[in-house]
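The values are calculated or read from the model by the stated rules, or taken from the named source; none is laboratory data. What you see is a predicted model, and the numbers here were worked out from it, not measured in a lab. Methodologically, a virtual Cβ is constructed for each residue, glycine included, from the backbone with ideal geometry; neighbour enumeration extends over all protein chains shown. Each accessible area value is taken on the protein alone, full model and side chains, heavy atoms only, with ligands, DNA and RNA left out. Shrake-Rupley method; radii C 1.70, N 1.55, O 1.52, S 1.80 Å.
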Amino acid sequence: MKIDVIVGGLYGDEGKGKIVSNLGSNYDYIFRVNASTNASHTVKLDSGEMFVTKQLPSVFQNNKAKFIVGPGAIMNLNALKEELKSRNDLDDIKSHVHIASSITLLINPYIERNKNSNHSKKYGSTNQGTGNAVIARDGRHSVKLVDVQNVVNGLITKEILAAKIKETCNQLDSNFFKDKTENYYLEEAENLINDYYEIEKMIGEFSVDYTKLIYELDENVNILIEGCNGIMLDNLHGLNPYTTSASTSVNALLNGANLSPYQLNNVYIIITGYFCCLNKRPFLTEMNEEEASKIYKYNSEIDDAEGMRRRLGWFDIPTLKKALVGHKNCKLVLNKLDIMQDVETVKICDYYLDKNGEKVEVMPDNTLELEYLKPHYIEMKGWGNLDNVAEEKDVPNELKEFIKYVEKEVERKIVYLGVGRKVSDLIKYGEKI
């Protein structure tokens, strides 16, 4: 068994969908094992069709691979139903989708509470309810897929499911839900059951005993784990508290899949030629309006979860160094390079300066300290239009210089370049893979 991992190296929004869809055709299994609808991946097929994946792996037109959604993820059944309706390859994935019956469900009450949370308003949120689902899971009172499956199979009644939904709401926040009626919980139970039936009609039986599935995996299979969010959003090691509600590192993804690190083969960490982020987190290299307009011209940078526009910043070496701690033997994928075609002068923050004028080469954990740091920049010539770049020999010298500098600073090799929006716009670079 060989396991490869693709994960974002920044604050999410690195264009993971394209990379996963491009490389994913080479695997027997594609796993999605963290996050939920708060982590959408956009894929533009070579036909021009656009798809947004929020619950399933970002691979299309592949009738070989099996899609596995592990218990480390959070499942929104209604969102899965709508996502399936949008796909034109249901025949390819029918009977190929396996979702852990032990997975925690993201239910409407969690979303409702999220949207009314002062904490979310203070630090920013996509308002998808994922954080509340994680709290419920950690508190061992979440509703799971198996609970709905038990109703479908006649092992329990929908009233028992409704009672479990009520219990998790009261455990989560009894004051917030104090005025909800019994019909509120019964209606939620009925919605879950109806969504289950509709999904089953589209793709066949999908809820599986995850332990049995992993136990029976053939030792010769090739597995790709598609990470969601980005390493800087890791709840333990990212820019806390401006993070997501769970861990997003490679180690966490293996844990979410319950797969052995001893079988790990390649780790691909996706970065971008410019940085972007959502919400209110500190963003030291943020561009001014005129600078950002040259990027927005070719990519609106609108988040697919909540429709929020992302903030843009220059390439930040100290932030990337922080993200790469703990990921020594990884390979980098440098994406979104085509979007910078109008940027005549590219800035790179090589270090920060503290209030005493001393260099800070790695982003510190203390967010208060960030308020006193100033980015120091070097400048490079932009690389212009990349429409005719189909392989490494076509890469402009200006871009090669940028790549050489980044590789030297972070001591990692860049092995793929993203030179366009379509799935095929990915070229090998620098070394034989």
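Quick look at the numbers
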item: Selection count where residues are open to solvent by 70 Å² or more (accessible area, probe 1.4 Å) and part of a loop (DSSP other than H, G, I, E, B), scope segment 327-361; result: 7
item: Filter result for the condition that a residue is surrounded by fewer than 14 Cβ atoms within 10 Å (Cβ to Cβ), charged (D, E, K, R), modelled with pLDDT of 95 or more and in a loop (DSSP other than H, G, I, E, B), over Glu205, Glu219; result: Glu205
item: Of the criteria (1) surrounded by 18 or more Cβ atoms within 10 Å (Cβ to Cβ); (2) over 16 Å from Trp314 (Cα atoms), which one Asn397 fails; result: (1)
item: Subset of segment 368-385 (residues that are open to solvent by 100 Å² or more (accessible area, probe 1.4 Å) and in a loop (DSSP other than H, G, I, E, B)); result: Glu371, Tyr372
item: Test for Pro364: is it surrounded by fewer than 18 Cβ atoms within 10 Å (Cβ to Cβ), modelled with pLDDT of 95 or more and under 24 Å from the mean Cα position of the chain (by Cα); result: yes
item: Residues that are under 20 Å from the mean Cα position of the chain (by Cα), part of a loop (DSSP other than H, G, I, E, B) and of a type in the set (Ser, Thr, Tyr), drawn from segment 267-311; result: Tyr274, Ser300
item: Test: residue in segment 18-35 that is under 17 Å from the mean Cα position of the chain (by Cα) and modelled with pLDDT under 90; result: yes
item: Filtered residue count, segment 148-169, keeping only those that are open to solvent by 20 Å² or more (accessible area, probe 1.4 Å) and either within 16 Å of Leu105 (Cα to Cα) or touching a helix residue (DSSP H, G or I) at 6+ places or on another chain (Cβ under 9 Å) (or both); result: 14
item: Which numbered condition Leu324 fails, given (1) farther than 19 Å from Thr244 by Cα; (2) buried (at least 16 other Cβ atoms within 10 Å of the Cβ); (3) in contact with a Lys or Arg (Cβ under 9 Å, 6 or more places away or on another chain); (4) not aromatic (Phe, Trp, Tyr); result: (1)
item: Pairs where the first residue, in segment 78-101, is under 20 Å from Val148 (Cβ atoms) and the second is part of a helix (DSSP H, G or I) and open to solvent by 40 Å² or more (accessible area, probe 1.4 Å), C-beta under 6 Å, 6+ apart; result: Lys81/Glu198; Ser101/Val146
item: Residue among Tyr268, Tyr274, Tyr296 that alone is of a type in the set (Phe, Trp, Tyr) and closer than 19 Å to Ala35 by Cβ; result: Tyr268
